[in-house]
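Peer 1: Encoded as structure tokens, here's the structure I'll be asking about.
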Amino acid sequence: RGCRSSAAARDMMAGLLLVFLGGLLEVCSGVSANRGGYPSFTDEIPFKITWPGVEFTLPTSGALYNEDDFVIMTTTEQEKYKCLLPSLTGGEEKDYNGPSPGELLDPLFKRSSCSYRIESYWTYEVCHGKHIRQYHEEKETGQKISVQEYFLGNMAQKSQSAETEAENLKSQPETEVSTKNIEGQLTPYYSLEMGNGTPCVLKQNTPRSTSVLYVCHPEAKHEILSVAEVTTCEYEVVVLTPLLCAHPKYRFKSSPVNAIFCQALAGSPLRPQRLTQLDKEQEEQLKPPFSSTSEPREAFTSTHKPMTVGGQSQVTVGTTHISRLTDDQLIKEFLSGSYCLHGGVGWWKYEFCYGKHVHQYHEDKEQGKNIVVVGSWNAEEHIDWAKKNVARSYQLKDDGVQKVKLVSHFYGHGDVCDLTGKPRQVIVKLKCKESESPHAVTVYMLEPQTCQYILGVESPVICRILDTADEHGLLSVSS
């Protein structure tokens, strides 16, 4: 079983296929040390194996392919495939002589623009090159506005202005580009450090500080993708901006998943038989939670798509903090559906009201608010779903006590999906998750199948109410 590919390519392919297909394939030859243009195997570089037919033309855009870079793979059933590997080398980055990332962001710093992110309780204000503020406003008696605020970081130092600091950053020599896993995609970013925030009483009045990570996105308008407290009173803010996209090292990858094309050789099926069987089994497993006899409703169709980094199907709604003063009252309001969680990034925002609905919406000053119903609550339908699925999951603690860890609820009757012709449906998973911040709430949305969603809500606050779950996973206010 001869291979016509470099040892490095065989090394990468061996790891990829063994990981993705779980032992379905055997490597045609041994592996050796990495050399040439291929990086060593790592799960930080995404790949997708496709199975084209005989009539196949290599793509002319994206990753480059050389017909001599292939390996012959054999399954445990002796099915043989010729797999073409992509070249991951890029010469454009080496030839770049344009502005540095600091210079590209300079217009954003000079025009004193600010970006905002609205969460359930807090609002985050990022004034680029100036400061980061976290605040909450409430109207008191007589329409007087009470403001609770914390500065998470400031650029201005005692001896120099923010503009001077920005100029210093712009003139710094460019070093190796840092990357971070953002929404499942290894993403390059440019970091701006801000210190001198509001003193933190939990750290002996040490000033709060924030790292602002600027990430290229060609369609962005300097939105705040996420805000996280990585350690006590130390924060990380991710901002999407089109300005960095002019630099090839920071450029948004429109097709970040590298394709590996495996063509069947004589006598072998188009795809391995065991892989086809696994796909059918997974498809059957996903069917029960989303079965529905609901009548179609009028569909809401939009040409706009949620903004994600790297085109991933997961959309992180973000981490918020709820009021520390009225926990019991908030839990009652949450379970009654009158207190809703909001979040979202880019074009779409999300609203989850317990026992009522999950909405996806976009607000426009001229056209108003466009709403897509992802799912609506019906207790009887949920109970029917719970009888066929696991609605209440347990975890065994170290002391031997069994505690409820997760409950799952079915929301059906969403707006009809224009891609499937069926109503949208969502499984809401409420999970107990311990955190250094006892009031943190993390919300995320997944789309494992087209227009069939999973909404996750994780928080220490959820831990307080999970033990009230009945056999169907339904929650109540503890007495």
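Peer 1: Which of the residues belonging to the range 361-385 are surrounded by fewer than 20 Cβ atoms within 10 Å (Cβ to Cβ) and outside any strand (DSSP E or B)?
Peer 2: LYS365, GLU366, GLN367, TRP377, ASN378, ALA379, GLU380, GLU381, ILE383, ASP384
Peer 1: OK, next. Outside the structural domain of GLN134 (by the TED database), buried (at least 17 other Cβ atoms within 10 Å of the Cβ) and at pLDDT 50 or above, is that true of HIS342?
Peer 2: Spelling it out, HIS342 is indeed outside the structural domain of GLN134 (by the TED database), buried (at least 17 other Cβ atoms within 10 Å of the Cβ) and at pLDDT 50 or above.
Peer 1: Does the range 406-442 hold any residues that are modelled with pLDDT under 85 and under 14 Å from GLY456 (Cβ atoms), and which are they?
Peer 2: CYS432, LYS433, ALA440, VAL441, THR442, listed by residue number.
Peer 1: OK, next. Quick check on the range 254-275. Is at least one of its residues more than 30 Å from ASN66 (Cα to Cα) and under 28 Å from the mean Cα position of the chain (by Cα)?
Peer 2: Checked against the condition, which is being more than 30 Å from ASN66 (Cα to Cα) and under 28 Å from the mean Cα position of the chain (by Cα), the range 254-275 yields no hits at all.
Peer 1: A further question follows. Quick check: is even one residue across the range 117-126 at pLDDT 90 or above and surrounded by fewer than 18 Cβ atoms within 10 Å (Cβ to Cβ)?
Peer 2: So far as the range 117-126 goes, no, none of its residues is at pLDDT 90 or above and surrounded by fewer than 18 Cβ atoms within 10 Å (Cβ to Cβ).
Peer 1: Modelled with pLDDT under 85, out of contact with any Pro (no Cβ under 7 Å at 6 or more places or on another chain) and outside the structural domain of CYS262 (by the TED database): is that true of ASP95 in this structure?
Peer 2: yes
Peer 1: Write out, first by first residue and then by second, each pair whose Cβ atoms fall under 6 Å of each other, whose residues are 6+ apart or on separate chains, and whose first residue, in the range 238-250, is free of Cβ contacts under 8 Å to residues at least 60 places away in the same chain while the second is aromatic (Phe, Trp, Tyr).
Peer 2: CYS245/PHE252
The values are calculated or read from the model by the stated rules, or taken from the named source; none is laboratory data. The model shown is predicted, which means the values in this text are computed figures rather than measured ones. Glycine gets a Cβ as well: all are built from the backbone with ideal geometry, and neighbour counts include every protein chain shown.
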